[in-house]
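Structure first, commentary second.
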Amino acid sequence: MKSVIIGGVTRAGKSVLARRIRERTQLNVLPVDALVVSLRAAFPELGVNWDDAAASRQKLWPFLRVLICKLSLRSGFSYLYEGDHLSPELLSGLGPDYPFLASTVPLFLGYDSISVPEKMKQLRAFSAQNLCYTKHMPDAELAALCAQQIAESVLLKQRCGELGFAYFDTSVDFDGAIERACDFACGEVGTG
């Protein structure tokens, strides 16, 4: 069975998708956020956090690359990795020296076709029912986060297209997009 790598922007549905894929495939889930929290607490000098996502991706990637490679090649198990710190550029840079990539299904989530007010409305509704760091965020801060992540989604969609990775837009039909992404991943993994 193939492993799955889910990357994308914050609050795009990566964890929701990971849970749905897990239900259908029984893949072991490795949430990259847990690694970020652990490294941030144990080794703050590494600077791995959410404050500067691009810089943190570069700092975390050498560790993730080795971890994914070793788990994929040596354990004999397949895994589901999900988190903001995974990007199409990092995965595409692996090349032929990393044969495990051929047995991995990478996909990315974003929300490139939604307005800032609509995304804010979605996040406020979500955080009212779930533990979410955006719950107590002031409107101006949440608006800035949404605008930043929408812009990042536009770039992510473009990079995925250029590099040949699957991209799913969760802007409007969140549940439908998650279901399509789950069907895609499970079909690629071989569990239909």
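The values are calculated or read from the model by the stated rules, or taken from the named source; none is laboratory data. None of the values given here were measured: they were computed from a predicted structure. Every residue, glycine as well, gets a Cβ built from its backbone with ideal geometry; the counts of neighbours run over all protein chains shown. These accessible areas exclude ligands, DNA and RNA; they are computed on the full protein's heavy atoms, side chains included. Shrake-Rupley method; radii C 1.70, N 1.55, O 1.52, S 1.80 Å.
What FRET efficiency would be calculated for the residue pair C132, R159, taking the C-beta separation as r and a Förster radius of 25 Å, to the nearest 0.05?
0.40
With each pseudo-label sitting 7 Å past Cα toward Cβ, what's the K70-D51 distance in nm, one decimal?
Going by the 7 Å Cα→Cβ label model, 2.8 nm.
Would you mind telling me which residue in G13, G164, G93 has the biggest mean-square fluctuation in a Gaussian network model of the chain, where springs connect alpha carbons within a distance under 10 angstrom?
Of G13, G164, G93, the Gaussian network model singles out G93 as fluctuating most.
A 32 angstrom limit on the alpha carbon distance is what I want to check against. Which of K70/K119; K2/K135; K70/K121; K70/K135; K59/K157 exceed it?
In this structure, K70/K119; K2/K135; K70/K121; K70/K135 lie more than 32 Å apart at Cα.
Using a 1.4 Å probe on the protein chains only, how many percent of the accessible area of the chain belongs to carbon and sulfur?
Of all accessible area on the chain, carbon and sulfur atoms account for 57 percent.
So with the 1.4 Å probe, I'd like the accessible area per residue for the chain, rounded to whole Å².
Working: 9530 Å² over 192 residues.
In whole numbers, the chain has 50 Å² accessible per residue.
If you build a Gaussian network model of the chain, linking Cα atoms that sit under 10 Å apart, which residue out of Q129, Q158, Q149 swings the most?
Among Q129, Q158, Q149, the largest mean-square fluctuation in the Gaussian network model of the chain belongs to Q129.
Quick one: Cα centre-to-centre distance for segment 27-70 and segment 128-192, in angstrom?
Distance between centres, Cα-based: 20 Å.
Could you give P(r) for the chain, binned at 10 Å from zero, as whole percent values over all Cα-Cα pairs?
Cα pair-distance distribution for the chain, in percent: 9, 36, 39, 15, 1.
Please identify the DSSP H helices in the chain that span no less than 18 Å along the helix axis (Cα) and have a mean Kyte-Doolittle hydropathy of 0.0 or more.
Working: long enough: 53-74 (29 Å, 0.43); 116-129 (20 Å, -0.64); 139-163 (35 Å, 0.30); 174-189 (22 Å, 0.34).
Helices meeting the criterion: 53-74, 139-163, 174-189.
Quick one: grab the alpha carbon gyration tensor of segment 1-82, order the square roots of its eigenvalues as a ≥ b ≥ c, and give me rounded if a/c is under 1.5, else prolate or oblate depending on whether a/b is larger than b/c.
On the way: a/c = 2.31, a/b = 1.41, b/c = 1.63.
The shape class here is oblate.
For the chain, what's the relative contact order in percent, using C-alpha pairs closer than 8 Å and at least 6 residues apart? Let's see the in-between values first.
Values: 269 pairs, mean separation 64.9, N = 192.
Answer for the chain is 34 percent.
Please identify, among A55, A128, A147, the residue showing maximal mean-square fluctuation in a Gaussian network model of the chain using a 10 angstrom Cα cutoff.
It is A128.
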